[in-house]
Amino acid sequence: MFGYIRIFKPQLRICEYEEYRAVYCTLCRELGRRYGPLSRMVLNYDYTFVTILYMALHKQSPHYKKGRCVFNPLKKCGFCTCDKEGFALTSAVTASTFYQKVNDNIRDSRFFGKIGWGIIRLFAAPMRRKARKNYPELDAAIAEYIENQRIAEEAPEPSVDSVSEPTAKMISYLAQYLSEDEKDKRILADFGYYIGRWIYIIDALDDIEKDTKKRNFNPFVLRFGIERSDIKEDSQKLRDARDFANECLNMSISRAITAYNLLELGEYAPILDNVIFLGIGQSQKTALHEKELQHQ
């Protein structure tokens, strides 16, 4: 996951924001406790959303207590007092996906980049081993989907649909772990698929300039034949790529919302609604228009 699934803070009530921060801080603490202090460095907002969704589906009440921040002992944070199974699951996913991401970066990097990521892998490997011990099936599935992602991107004629498919299937698989109810699982499979597709596409959109300069794989760079000169000039090809990406993103998130609306989320609905209906839209606008503004 990449940190695009986040809240839109201006539209959250103070109490809701405090609840959101408490989940974030608890996940940070649980990551460090289970997988070591360095694991906290890979925490992002996507995992916070997943944890809150788990809590909502399991009808957990939002009870918190104050404690010292692990990074700043002078600061007090809210910490959840509910069952920690959701945090354990999300922490394992964080550790497994980070390790696979490091491996992917090693493959894509040049000499010095490989050395840097190789050093990081020394710290990521123990995290992954613990995650694999706690959730072996989950870890194996993540590794399989990441490998399928590599194969899809190395195919002779990769398309946006084909290369976003492995990530979509992986998030769909992970989403089904959030509930034991069969009805919820069916809904979550559909919701996760389109959220996963949206995540892959927005990350590719956000990386168009970087991937063009570094000559890394990017489905939009390939489809529209974007060159380094197009980045400097903000060419029509670059604008066409953004427009096409926006259409793909809108289709994916609309299908995700259709599934999301079928879920019963109880007390956490206002926070999750804020993410789905406002936060995701803001992330999409930023990815689409921030680069355009830089060229004006």
Is it the case that segment 115-137 has a residue that's β-branched (Val, Ile, Thr), under 21 Å from ARG33 (Cα atoms) and modelled with pLDDT of 90 or more? yes
Residue check: is GLU180 touching a Lys or Arg at 6+ places or on another chain (Cβ under 8 Å), open to solvent by 20 Å² or more (accessible area, probe 1.4 Å) and either modelled with pLDDT under 95 or not in a helix (DSSP H, G or I) (or both)? no
Verdict on ARG34 being modelled with pLDDT of 90 or more, among the charged types (D, E, K, R) and open to solvent by 30 Å² or more (accessible area, probe 1.4 Å): yes
Test: residue in segment 37-53 that is part of a loop (DSSP other than H, G, I, E, B) and in contact (Cβ under 8 Å) with a residue 12 or more places away in the chain: yes
Selection count where residues are β-branched (Val, Ile, Thr) and in contact (Cβ under 8 Å) with a residue 12 or more places away in the chain, scope segment 105-150: 4
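Can you list the helices (runs of 4 or more DSSP H) found entirely within segment 195-296 that contain at least 3 residues being at pLDDT below 95 and open to solvent by 10 Å² or more (accessible area, probe 1.4 Å)? So that I can check it myself, show each step before the final result.
Numbers: elements: 208-214, 219-224, 228-233, 236-260, 269-274, 280-294.
In segment 195-296, 208-214, 219-224, 228-233, 236-260, 280-294 are the helices (runs of 4 or more DSSP H) which contain 3 or more residues that are at pLDDT below 95 and open to solvent by 10 Å² or more (accessible area, probe 1.4 Å).
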Condition first: open to solvent by 20 Å² or more (accessible area, probe 1.4 Å), hydrophobic (A, V, I, L, M, F, W, C) and assigned to a helix (DSSP H, G or I). Now tell me which residues in segment 1-24 satisfy that. ILE14, CYS15
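The values are calculated or read from the model by the stated rules, or taken from the named source; none is laboratory data. Keep in mind the model is a prediction, meaning the values are calculated, not measured. Note that each Cβ is placed from the backbone with ideal geometry, even for glycine, and that neighbours are counted across all protein chains shown. Surface areas here come from the heavy atoms of the whole protein model, side chains and all, with no ligands, DNA or RNA. Shrake-Rupley method; radii C 1.70, N 1.55, O 1.52, S 1.80 Å.
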